[in-house]
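My questions all concern the structure below.
What follows is calculated from the coordinates using simple rules that are stated; it is not laboratory data. Quick caveat: nothing in here was measured; it's all calculated off a predicted structure. Neighbour counts are summed over all protein chains in view; Cβ atoms, including those assigned to glycine, are modelled from backbone coordinates with ideal geometry.
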Amino acid sequence: MAEHVVDTGRRKMLTVSTSVVGAVGTAVAIWPFISTMNPSARALAAGAPVEVDVSKLEPGQKIQVEWRRLPVWIVRRSEEMISSLSDTDARVRDPNSEIATMQPAFAQNQIRAIKPEILVLVGICTHLGCSPTFRPEIAPEDLGPDWRGGFYCPCHGSRFDLAGRVYKNNPAINNLEVPPYKYLSENVLVIGELPEEEGAA
Ligand code: FES
């Protein structure tokens, strides 16, 4: 049973939803996390894998789940978002994620994901641990004409593209972490376990 926070840019909604991700966007509820701390929730907090159904996640939409007390973001990238990674290749510090160590082997490339359209990241800035904001817009006024969508950390201004790759000459020097995850079926992934070919999490 996972809680999802939906974030489409600056707009955030906290939803209490389990398998029905489709409820996001309609059912809006502010619900203290503690209210769902039943035994299974405590197990999740202790580090149990978290299953997430992404079938209703729309292109450009981001949800957040909690795994090992960490915020984990799941973004469905549109075709345009995926192609923007070729535009940012030359401007990010580690374009193929070869320097980054906080990731499974499947993330050592441009897209940093098992399926190109589904991006999974730990939502913590690799500089000093702030929470970056999801900024999918193209060239918003405050981020400039070269902004192709990504994540912006308000603490010291680090910028990450739509694969969580940090731009050159930023306070952060590492790409955002990709947590271990795998797919149980076409639309259900589990955070906290690696695909068989990569061994146990
Ligand atoms: S904590 Fe994100 S830029 Fe410093």
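Here is a list of conditions, (1) without any contact (Cβ under 8 Å) to a residue 60 or more places away in the chain; (2) surrounded by fewer than 22 Cβ atoms within 10 Å (Cβ to Cβ); (3) within 16 Å of the ligand (Cβ to nearest atom), and PRO132 meets all of them except one; can you say which number that is?
If we test PRO132 against (1) without any contact (Cβ under 8 Å) to a residue 60 or more places away in the chain; (2) surrounded by fewer than 22 Cβ atoms within 10 Å (Cβ to Cβ); (3) within 16 Å of the ligand (Cβ to nearest atom), just (2) comes out false.
So which residues in the stretch 132-174 are of a type in the set (A, V, I, L, M), closer than 21 Å to ILE111 by Cβ and in contact with a Phe, Trp or Tyr (Cβ under 6 Å, 6 or more places away or on another chain)?
Correct list: VAL166 only.
Next up: Residues to consider are ARG148, ARG165; find the one that is more than 16 Å from the ligand (Cβ to nearest atom), under 16 Å from ARG91 (Cβ atoms) and basic (Lys, Arg). Even if it seems obvious, please write down each step before you answer.
Working: ARG165 fails: more than 16 Å from the ligand (Cβ to nearest atom).
Among ARG148, ARG165, only ARG148 is more than 16 Å from the ligand (Cβ to nearest atom), under 16 Å from ARG91 (Cβ atoms) and basic (Lys, Arg).
Looking only at strands (runs of 3 or more DSSP E) that lie completely in the stretch 83-201, which have at least 1 residues being in contact with a Pro (Cβ under 9 Å, 6 or more places away or on another chain) and β-branched (Val, Ile, Thr)?
Per the criteria, 118-122, 133-135, 188-191.
Are there any pairs with C-beta distances below 6 angstrom linking a residue in the stretch 61-83 that is touching a residue at least 12 places away in the same chain (Cβ under 8 Å) to a residue that is of a type in the set (S, T, N, Q), with the two at least 6 apart or on different chains, and if so which?
Sorted first by the residue in the stretch 61-83, then by its partner, the pairs are GLN61/THR8; PRO71/GLN64; TRP73/GLN64; ARG76/GLN61.
If you don't mind, another one. As an exercise: evaluate ALA113 against (1) within 16 Å of the ligand (Cβ to nearest atom); (2) touching a residue at least 24 places away in the same chain (Cβ under 8 Å) and give the number of the one condition it does not meet.
Answer for ALA113: the failing condition is (1).
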